[in-house]
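Here is the structure we will look at, set down as structure tokens.
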Amino acid sequence: MSTPIQDKSSGWSSVWLVASREITTRLKSKAWRISTVVLMLLIVAGALVMKLVSGGSDATVGVLPQSASLSAPLQASATSIGQTVTVNPIADEAAGRAKVADGSLDALLLDDPKAPGKVSVVVKKDLDGKLKNALNVLAGQAAFNEQVQKLGGDPGEVNKAVAAAAVNVEPMETPTEYSGQQIAIGFIAGLLIYLSLMLNGQMVAQGVVEEKTSRVVELLLSTVRPWQLMTGKVLGIGAVGLLQMVLIGVAGLAAALGTNALSEVSISATVGAVVWLVVWFLLGFLMYAIVFAALGALVSRQEDVGGAVTPALMFVVAGYIIGVTIIPSNPGSKLVEVLSVIPVFSPTLMPVRLAIGGVPVWETVLSVGLTLAALPLLIWLAGRIYRNAVMRTGAKVKLRDALQAA
């Protein structure tokens, strides 16, 4: 006997019943609660680490009274090569050596060099490479000043003239500047999206197989249609995943603002990164979850889930790897720009780029539009596979068979 066609309202009420069942089950799960708390703690810890890192210097150098004239040149030399050196006045050499020994100082600058290239420092074991570069610049400056004095010139005037000399750059396009903190936000956004898609997406496939194995799906499909069951499961797990993402995002935002860890990034940019993180989680989860549900319906054992969903997971993993390996060193990469508007890579790459900044509006609109356009096709395709495979138990159902009409 065929099941009577339900009206649209009762159809969606069935979807809601399935979704609410998934939400209740997942929220009661101890594993979900623990993972949420752990991720929130990690994101807060990340904000604290970012605050400590951004507020520190690359090295601390002690300077004796007779070498006080080198304090400003040393800091200027470090700045010229992109380093930060903190200079601490030290009363005498014995006290300075003691501080180097106990780790309070990275190095002790000894005497004011009177001969070219003579800059002497005391270190505990090895001289840090960054600090060594700064001291080499200082030694070169000392040697230069010595030669200027020998020629009867004024080193101060010469240094001013050298400092004032610069290349006049005339860009045809306004360059995009990226701060280290923006890149850090992008990295964290990419990691959260990756973990959420991996955990919540696979949860959909595992849930489908669990129902097939326990034969619960036969009971459920006696009262609801396959598309209602699949849609309800995806929406239910997606709602729980969204709640988790919002909690983590709010915790991270509160920690960043509370500690002022993102001093180089405006509040609006930080909030925008969180908002886009949520948006792309929704888009990415809907896209991948329906595919995972369909692929999960092809198998009947939990141990086969990994192999079934691997083809789809490869796109998630590839997007994440590209994001964390290329974007930090080259935020303006053309390869990343192209891939970030392709729907299968957009969820893992576009939120990272948006968090870092400098993404043209048309690229954002294009990536969202293409992803939304791909969803109906994926829903139709996944629904067909799910409908034709979810009731078949035993051996793995071939994708070609599942695509054929039941």
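From the backbone phi of the range 37-46, what are the Karplus-calculated ³J(HN,Hα) couplings (6.51 cos²θ - 1.76 cosθ + 1.60, θ = phi - 60°) in whole Hz, Gly and Pro given as x?
5, 4, 5, 5, 5, 5, 5, 5, 4, x
Which order do the peptides 247-258, 306-317 take when ranked by the mean count of other beta-carbon atoms within 10 Å per residue, highest first?
Order by mean packing, descending: 247-258, 306-317.
Taking all protein chains as present, what is the carbon and sulfur share of the accessible area of the range 246-354, in % to the nearest whole number, probe 1.4 Å?
Exposed carbon and sulfur together represent 73 percent of the surface.
Under a 1.4 Å probe, what is the accessible area of the range 185-246 per residue, stated in Å²?
I get 35 Å² per residue for the range 185-246.
Among residues other than Leu242 whose Cβ falls under 14 Å from its Cβ, what is the net charge (Lys/Arg +1, Asp/Glu -1)?
Working: positive: Arg26; negative: Glu22.
That works out to 0.
Would you kindly derive the ³J(HN,Hα) couplings of the range 356-373 from the backbone phi angles with the Karplus curve 6.51 cos²θ - 1.76 cosθ + 1.60 (θ = phi - 60°), listing them in order in whole Hz, with x for Gly and Pro?
So the Karplus estimates, Gly and Pro as x, are 6, x, x, 8, x, 4, 5, 5, 4, 4, 5, 5, 5, x, 5, 5, 5, 5 Hz.
Can you grab the distance from the C-alpha centre of the range 217-259 to the C-alpha centre of the range 300-348, Å, no decimals?
If we compute the Cα centre of each part, the gap is 21 Å.
Which peptide among 192-198, 95-101 comes first, and what is the full order, when sorted by highest mean count of other Cβ atoms within 10 Å?
Highest mean packing first, the order is 192-198, 95-101.
Output ³J(HN,Hα) for the range 386-400: one whole-Hz value per residue in order, computed from phi by the Karplus curve 6.51 cos²θ - 1.76 cosθ + 1.60 with θ = phi - 60°, and x for Gly and Pro.
Calculated HN-Hα couplings, in order: 4, 4, 8, 10, 5, 8, 8, 10, x, 5, 4, 7, 5, 4, 4 Hz.
Excluding ligands, DNA and RNA, what is the solvent-accessible area per residue of the range 292-406 at a probe of 1.4 Å, expressed in Å²?
Solvent-accessible surface per residue comes out at 46 Å².
Lys and Arg at +1, Asp and Glu at -1: add these up for the other residues within a Cβ distance under 15 Å of Ile23 and post the number. Can you show the working numbers first?
Values: positive: Arg21, Arg26, Lys28, Arg33, Lys233; negative: Glu22.
Charge balance in the 15 Å sphere: +4.
Work out the length of the dipole vector of the range 268-406 about its Cα centre, built from +1 on the beta-carbon of each Lys and Arg and -1 on the beta-carbon of each Asp and Glu, and round it to the nearest 20 debye.
On the way: 9 positive and 5 negative charges, 87 e Å.
Result for the range 268-406 is approximately 420 debye, rounded to the nearest 20.
Over 28 Å between Cα atoms, which of Lys30/Lys233; Lys28/Lys396; Lys99/Lys150; Lys233/Lys398 qualify?
Lys28/Lys396; Lys99/Lys150
Order the peptides 209-215, 293-299 from the highest to the lowest mean number of other Cβ atoms within 10 Å of their residues.
Peptide ranking by packing, descending: 293-299, 209-215.
With 10 Å bins from zero, work out the P(r) of the range 311-406 over every alpha carbon pair and list the percent per bin.
15, 36, 24, 17, 8, 0
The values are calculated or read from the model by the stated rules, or taken from the named source; none is laboratory data. The structure displayed is predicted, hence computed values, not measured ones. With ideal geometry, Cβ positions are generated from the backbone for all residues, glycine too; neighbour counts draw on all protein chains shown. Calculation scope for accessible area: heavy atoms of the full protein, side chains included, ligands and nucleic acids excluded. Shrake-Rupley method; radii C 1.70, N 1.55, O 1.52, S 1.80 Å.
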